1. Please name all residue pairs, on different chains or six or more residues apart, with Cβ atoms under 7 Å, provided the first residue is in segment 68-90 and is in contact (Cβ under 8 Å) with a residue 24 or more places away in the chain and closer than 19 Å to Leu14 by Cα and the second residue is open to solvent by less than 100 Å² (accessible area, probe 1.4 Å) and assigned to a helix (DSSP H, G or I).
2. Considering only segment 37-78, state which residues are hydroxyl-bearing (Ser, Thr, Tyr) and either part of a helix (DSSP H, G or I) or under 16 Å from Gly106 (Cβ atoms) (or both).
3. When segment 29-54 is examined, which residues are found to be over 15 Å from the mean Cα position of the chain (by Cα) and β-branched (Val, Ile, Thr)?
4. Restricting the search to segment 107-149, which residues are open to solvent by 40 Å² or more (accessible area, probe 1.4 Å) and of a type in the set (Ser, Thr, Tyr)?
5. Can you give me the number of residues within segment 64-102 that are under 16 Å from the mean Cα position of the chain (by Cα) and open to solvent by less than 50 Å² (accessible area, probe 1.4 Å)?
6. Pairs under 6 Å by beta carbon, first residue assigned to a helix (DSSP H, G or I) in segment 92-112, partner among the aromatic types (Phe, Trp, Tyr), six or more apart or different chains?
7. So for segment 3-26 (the condition being touching a Pro at 6+ places or on another chain (Cβ under 9 Å), at pLDDT 85 or above, under 28 Å from Met137 (Cα atoms) and surrounded by 12 or more Cβ atoms within 10 Å (Cβ to Cβ)), does at least one residue qualify?
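The values are calculated or read from the model by the stated rules, or taken from the named source; none is laboratory data. Note that the structure is a prediction, hence the values are computed from the model and not measured. With ideal geometry, Cβ positions are generated from the backbone for all residues, glycine too; neighbour counts draw on all protein chains shown. We work out accessible area using only protein heavy atoms, side chains counted, and drop any ligands, DNA or RNA first. Shrake-Rupley method; radii C 1.70, N 1.55, O 1.52, S 1.80 Å.
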Amino acid sequence: MNKQSHPAFHHHRLSEFGVGLLFGLGLILAGMTDPSKVLGFLDLAGLWDPSLAFVMGGAILVSLGAFALAKKRSQSFLGGAMHLPTSRDIDRRLIAGSLLFGAGWGLAGFCPGPAIVSVATGNPKAIVFVLAMLAGMAVFEIAENRAKTSPIKQS
């Protein structure tokens, strides 16, 4: 019996689908899929809309509880291995990635999760954003692979 025909595989996929659906519905209800609402939140000097601060605050509280629980466990609720981040380094790559993420969010009004949810609704701007995001991910992977195989020592 291969992995995909195993009953546990289907149970995991259904659970993943359910969690993703719940997350997507939460993003829609919170207004995170509306670029004008997101841009209004980011417009501190103009007509600032603070409502998304409550969404983010709620997400942070849930995450804090979930990570505290996850640190005490050796496997996930579905029996899989726990893969928690171990690095606490703040390096140039983390800062550059954070700046790029923030710039993209500020220019487009989308971040990856809400953009993917918006693609499902047929939003043309979200489709362009997700295609650009995927292209950026591909460029990153190509650059990473070249850097790993380059004979020049990277610093």
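1. That search, which allows pairs on different chains as well, returns Leu78/His12; Leu78/Ser15.
2. Selection gives Ser51, Ser63.
3. Listed by number, the list holds a single entry, Val38.
4. Matches in segment 107-149: Thr121, Thr149.
5. Going through segment 64-102 one residue at a time, the tally reaches 2.
6. Ala108/Phe129
7. Looking through segment 3-26, at least one residue is touching a Pro at 6+ places or on another chain (Cβ under 9 Å), at pLDDT 85 or above, under 28 Å from Met137 (Cα atoms) and surrounded by 12 or more Cβ atoms within 10 Å (Cβ to Cβ).
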